[in-house]
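Read through the structure below, which is laid out as structure tokens, and then see the notes.
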Amino acid sequence: MAFTPRVFSGIQPSGDLHLGNYLGAIRRFVPLQATHETIYCVVDMHAITVWQEPEQLRRSTRELAAAYVAAGIDPKKSIIFNQSRVHQHAELAWVFNCVARMGWMARMTQFKDKAGKNSENVSLGLFAYPSLMAADILLYKATHVPVGDDQKQHLELTRDIAQKFNNDYAASIAAEGLPAEFFPITEPLIAGPATRIMSLRDGTKKMSKSDPSDQSRISLLDDADTISKKIKRATTDPEPLPSELKGLEGRAEADNLVGIYAALSDLSKEQVIAEFGGKGWGVFKPALADLAVTVLAPIAGEMQRLVADPASIDAFMADGAERASAIAEATMKDVRQIVGFIR
């Protein structure tokens with residue numbers, strides 16, 4: 001079956017969006033609008049797998065939706081909505097809970113990382129959320145998902161669930177006159193350079209809002225002066241930039257800053273090294289700061305404008321949810337018949 005080329009992706013509204021969120025995900029969403037149907041979700045149901053203060057969750061949900069639009073996602077061209085507005089996500093997730101196997105979930109490395117030694121006390125939602133992630137994607141029969149390294153395993157699980165559902169219910173799918181490949185085997189869209197943005201204070205650690213040092217990250221709401229100062233204060237080593245890419249090996253901070261420059265300028269790391277190889281940080285950091293301000297400051301300004309008008313955010317998310325619900329209900333109408341529910 002030929003499925004409509006459709007992209008789905010979602011980000012958790014965790015607050016304090018930073019450069020890693022932008023370069024690792026949001027920036028890559030924008031050009032896909034020209035080649036695919038695009039659905040971009042604020043996955044607030046995923047957020048509550050760990051406890052959230054309700055009012056803060058609402059603020060973070062609106063802030064992320066604002067970031068989508070400020071970065072260039074058009075809410076008329078793409079569907080932008082928050083997950084909890086479309087109840088079919090939860091409905092399909094339950095069906096998938098009954099398709100997926102416990103062993104599949106237990107192998108998810110992100111669960112192991114997040115639960116640590118406290119796995120007996122984390123929520124059931126944290127254990128099962130890859131099943132909800134599969135439902136998010138397959139509810140819209142998405143053919144492609146932009147993924148970074150940390151999400152590849154979850155997309156593989158989505159593919160396994162789709163294949164098992166198609167196989168388990170093959171006879172019922174055929175009896176309903178539906179294509180044998182009811183759910184697509186979703187393909188990954190692998191990111192370009194610098195998809196893992198590291199801390200500005202320690203190039204071996206991922207940029208994170210949980211880092212106690214505000215100097216470790218560039219927030220998407222930082223103004224131009226703050227962006228510039230953080231980059232110029234970023235940790236580096238005393239050596240100039242190498243003349244060849246392999247010279248970045250073992251130099252985590254240098255590699256991170258070169259990767260950030262590459263991603264912001266849509267260049268390869270090789271091209272950045274060709275331009276700056278042999279030059280010191282006194283040359284490179286100001287150039288990177290200027291580039292970051294040029295790219296990020298307009299996004300910060302637009303985000304601030306949108307966040308100041310929450311009704312406008314709610315309006316385009318409500319419209320997106322209505323459009324998403326129409327697709328979701330068409331899928332679930334068939335799923336209910338396939339699994340034998342009486343409606």
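The values are calculated or read from the model by the stated rules, or taken from the named source; none is laboratory data. Keep in mind that what you see is a predicted model, and the values were worked out from it rather than measured. Because the Cβ atoms are built from the backbone with ideal geometry, glycine has one as well, and the counts that use them run over all protein chains shown.
Values as computed for the structure displayed
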| quantity | calculated |
| --- | --- |
| Residue tally, condition in a loop (DSSP other than H, G, I, E, B) and in contact (Cβ under 8 Å) with a residue 24 or more places away in the chain, over segment 200-236 | 18 |
| Flag if VAL69 is closer than 30 Å to ASP214 by Cα, in contact with a Ser or Thr (Cβ under 7 Å, 6 or more places away or on another chain) and modelled with pLDDT of 95 or more | no |
| Flag for GLU244 being crowded, with 18+ Cβ neighbours inside 10 Å and acidic (Asp, Glu) | no |
| Segment 69-89: number of residues that are in a loop (DSSP other than H, G, I, E, B) and among the basic types (Lys, Arg) | 2 |
| Residue that is surrounded by the fewest Cβ atoms within 10 Å (Cβ to Cβ) [pool: residues in segment 1-19 that are under 17 Å from GLU55 (Cα atoms) and among the small types (Gly, Ala, Ser)] | GLY15 |
| Count - residues of segment 35-58 that are assigned to a helix (DSSP H, G or I) and either touching a residue at least 60 places away in the same chain (Cβ under 8 Å) or not assigned by TED's automatic domain parsing to the domain that holds PHE81 (or both) | 2 |
| Some residue of segment 252-266 being under 24 Å from the mean Cα position of the chain (by Cα), of a type in the set (Ser, Thr, Tyr) and outside any helix (DSSP H, G or I) | no |
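To keep it simple, each residue is scored yes or no on (1) crowded, with 17+ Cβ neighbours inside 10 Å; (2) in the same structural domain as SER78 (by TED's automatic domain parsing); (3) over 22 Å from the mean Cα position of the chain (by Cα).
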| position | (1), (2), (3) |
| --- | --- |
| LYS229 | no, no, yes |
| GLU239 | no, no, yes |
| GLU270 | no, no, yes |
| THR294 | no, no, yes |
| ALA318 | no, yes, no |
| ALA326 | no, yes, yes |
| ALA330 | no, yes, yes |
